[in-house]
Amino acid sequence: MVWETRAVSSQRAEFVSLARQEGANISELCRRFEISRPTAYKWVRRFEEEGAAGLEDRSHRPQRSPRQTAPETEEAIVGLRTRHPHWGGRKLRRLLQRDGVAPLPAASTVTRVLHRRGLITPSPSHHKPWERFEAAAPNLLWQMDFKGPLQLTDGPVYLLASLDDHSRYATMLRACPDQRAETVREALTATFRRYGLPREFLVDNGAPWGSDQDHPHTVLTAWLLQLGVDVSHGRPYHPQTQGKVERFNGTLEAELLRDLAFADRTTIQPILDGFRLLYNSERPHQALGYATPLSRYRPSLRRFTDDPGPITYEPGDEVRIVQAGGWFTFEGRAYHVSKAFRGYPIALRRSPDSGYGVYFCHKLIGTIEVGS
């Protein structure tokens with residue numbers, strides 16, 4: 001199966017894709033992928049000389065000459081459709097163009113070939129187009145969501161995905177045994193080491209990042225705020241707010257999960273890695289003008305650190321330590337914030353209306369009125 005084959009060298013292929021981008025910082029990528037510079041240049045050189053085979057990954061591309069006859073072009077179309085049975089004429093045409101097929105057929109021609117060879121079946125349903133919104137640059141906003149559970153022989157598994165809003169680059173696709181905050185934190189730590197920190201996460205209102213708009217903070221979001229990563233929540237019961245990661249999960253279901261049966265947790269992660277690599281670097285994306293997410297993504301310049309350091313506030317702030325249950329006292333009265341901040345310092349900063357804003361790190365988490 002193509003996913004299993006690609007998973008063998010997926011990390012090398014992803015590194016080479018990022019390293020060959022214009023202006024790429026090779027030293028920083030080496031640090032994040034935990035490889036040496038000589039090894040990095042070896043992979044890049046082998047890829048440029050041998051293609052995917054140089055990364056110890058079997059190539060599935062049909063062999064073809066720069067100028068092909070019509071029958072050869074048709075066989076190339078069939079071969080690509082076999083590898084990507086859910087991709088239509090425009091996506092396959094972009095792959096033909098990338099692979100240097102000449103003369104390049106029109107997308108309508110590709111579609112006719114697929115119909116003629118019996119490779120297109122009618123879509124069972126149509127969905128409403130996703131609401132359009134796009135962050136202005138990579139890493140300003142990532143969307144994150146769980147999918148699952150999938151029932152495997154050794155128990156359920158939940159698929160955790162994060163997606164860069166600007167480029168649609170899938171920065172993470174992890175098979176998790178549960179949806180606990182510590183599990184998500186472990187997965188995000190590995191992701192941050194490789195891609196750096198985003199400015200903000202957009203999540204839904206489920207565990208482990210908040211139950212609703214009135215209780216949006218958890219131990220996980222408190223950790224993210226300490227790292228300088230803001231957290232916002234979509235509207236309750238409106239999954240289209242996280243439309244890009246929802247669309248990614250739909251593609252994952254249609255192009256991988258629906259066609260495969262996974263034995264256990266040890267076998268699923270390499271297959272997910274292969275799918276993520278293909279999604280990022282090969283699959284043309286309609287919303288990007290049929291470019292790939294890789295063509296628009298760059299790793300964040302904001303480095304992850306295990307120890308973000310002590311929480312500090314501005315001179316003049318009134319600082320309090322949050323006690324058990326999320327309570328703190330100020331001017332003889334008790335006030336409540338989320339118990340996720342237990343043991344942490346918060347700041348009370350005077351506002352123009354004689355009240356106080358309550359801050360955790362850089363985030364305004366509430367307001368209080370005093371003296372009345």
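Readers should treat all values here as calculations from the given coordinates under stated rules, not as data from a laboratory. These numbers come from a predicted model, not from an experiment. Every residue, glycine among them, receives a Cβ derived from its backbone with ideal geometry; neighbour counts consider all protein chains shown.
The range 295-372 and the range 155-202 have Cα centres spaced 25 Å apart.
Derived scalar couplings between HN and Hα for the range 96-108 equal 4, 5, 4, 7, x, 5, 9, x, 7, x, 6, 4, 5 Hz in order, rounded to whole Hz, by the Karplus curve 6.51 cos²θ - 1.76 cosθ + 1.60 (θ = phi - 60°), x for Gly and Pro.
Close amide H partners of Thr367, meaning residues 5 or more places away or on another chain with modelled amide H under 5 Å apart, are Val358.
Of Tyr290, Tyr195, the sequence from fewest to most neighbouring Cβ atoms within 10 angstrom is Tyr290, Tyr195. Taking the number of Cβ atoms within 10 Å of each Cβ as an exposure proxy, the fewest-first ranking of Asp264, Asp230 is Asp264, Asp230. With the highest mean first, a sort of the peptides 270-280, 343-353 on other beta-carbon atoms found within 10 angstrom per residue produces 270-280, 343-353.
Mean sequence separation of contacting Cα pairs (under 8 Å, at least six apart), scaled by the length of the chain, corresponds to a relative contact order of 15 percent. Report the FRET efficiency, 1/(1 + (r/R0)^6), for Ile321 and Glu48, where r is their Cβ-Cβ distance and R0 is 51 Å, rounded to 0.05. Here the calculated transfer efficiency is 0.35.
The residues packed around Tyr41, meaning those with a beta-carbon under 13 Å from its beta-carbon, carry a net charge of +4 if Lys and Arg are +1 and Asp and Glu are -1. Here the spin labels are modelled as points 7 Å beyond Cα on the Cα-Cβ line, and at Ala136 and Thr267 they lie 4.9 nm apart. Taken along the Cα-to-beta-carbon direction at a fixed 7 Å, the label points for Leu301 and Thr109 span 4.5 nm.
Distance between the modelled labels on Arg90 and Thr329, one decimal in nanometres: 6.5 nm (7 Å Cα→Cβ projection). For the range 325-337, backbone phi angles converted through the Karplus equation (6.51, -1.76, 1.60; θ = phi - 60°) give residue-by-residue couplings of x, x, 9, 9, 10, 8, 6, x, 10, 9, 10, 10, 10 Hz, Gly and Pro being listed as x.
Segment His336..Ile311, full-extension length gain: 7.0 nm, with 0.36 nm per residue of separation and the alpha-carbon distance subtracted. Sorted fewest first by neighbouring Cβ atoms within 10 angstrom, Tyr313, Tyr169, Tyr356 come out as Tyr313, Tyr356, Tyr169. Net charge in the neighbourhood of Thr191 (other residues with Cβ under 12 Å of its Cβ; Lys, Arg +1, Asp, Glu -1) is +4. Simple point charges give the picture: +1 on the Cβ of Lys and Arg, -1 on the Cβ of Asp and Glu, and for the range 142-296 a dipole about the Cα centre of about 400 debye.
Peptides 335-341, 96-102 ranked from most to least packed give 335-341, 96-102, packing being the mean of other C-beta atoms within 10 angstrom over each peptide's residues.
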